[in-house]
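The values are calculated or read from the model by the stated rules, or taken from the named source; none is laboratory data. Note that this is a predicted model, so its numbers are computed, not measured. All Cβ positions, glycine included, derive from the backbone under ideal geometry; neighbour counts span all protein chains shown.
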Amino acid sequence: MYPSSYPNRRRRAATVLVVILYGTACQAWHTERGAPVSLLATRQPAKLRVTLTNGSQIVLEHPVLRADTLSGTGHGPNGQQDVRIPLTDVRQVATRGFSAGRTLGLAVGVAAGAFVAIVAGTKIRRATL
């Protein structure tokens with residue numbers, strides 16, 4: 001392996017890491033006001049986090065309201081499975097959405113990390129000269 005390829009590999013790895021972090025940091029769960037009935041009547045979210053009256057939470061993919069039951073696909077101990085929850089057992093629901101605070105925090109963290117890396121690299125280069 002050529003010594004000049006190491007910085008390129010590091011740069012590519014750092015870029016991939018930033019892209020992955022950006023994808024997760026920009027999204028957050030937002031609690032919805034009102035009943036699941038009104039939410040699913042106005043929009044069709046891909047995922048819905050349901051908090052039950054006993055405090056447990058379930059993430060439903062492709063949620064659908066059928067009569068008085070919230071249905072969707074959830075992750076269980078045996079992989080994906082159909083889940084049906086009576087509306088009387090639902091305390092609140094949340095949807096995934098853009099989070100400005102998380103995105104700003106990640107951008108500041110990445111910028112600070114890049115600055116520290118540049119300063120450290122400059123000091124190392126000066127020490128070896």
Seminar exercise, completed: Those residues of the range 41-66 that are surrounded by fewer than 13 Cβ atoms within 10 Å (Cβ to Cβ) and not in a strand (DSSP E or B) come to a total of 9
Exercise. Restricting the range 1-32 to residues that are surrounded by 13 or more Cβ atoms within 10 Å (Cβ to Cβ) and either part of a loop (DSSP other than H, G, I, E, B) or more than 13 Å from the chain's Cα centre (by Cα) (or both), which is modelled with the lowest pLDDT?
Worked result: V18
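Scan the range 91-105 and give yes if some residue there is in a helix (DSSP H, G or I), within 30 Å of T15 (Cβ to Cβ) and basic (K, R), otherwise no.
yes
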Exercise. Listed residues A35, A46, A67, A41; which is within 11 Å of T95 (Cβ to Cβ) and small (G, A, S)?
Worked result: A46
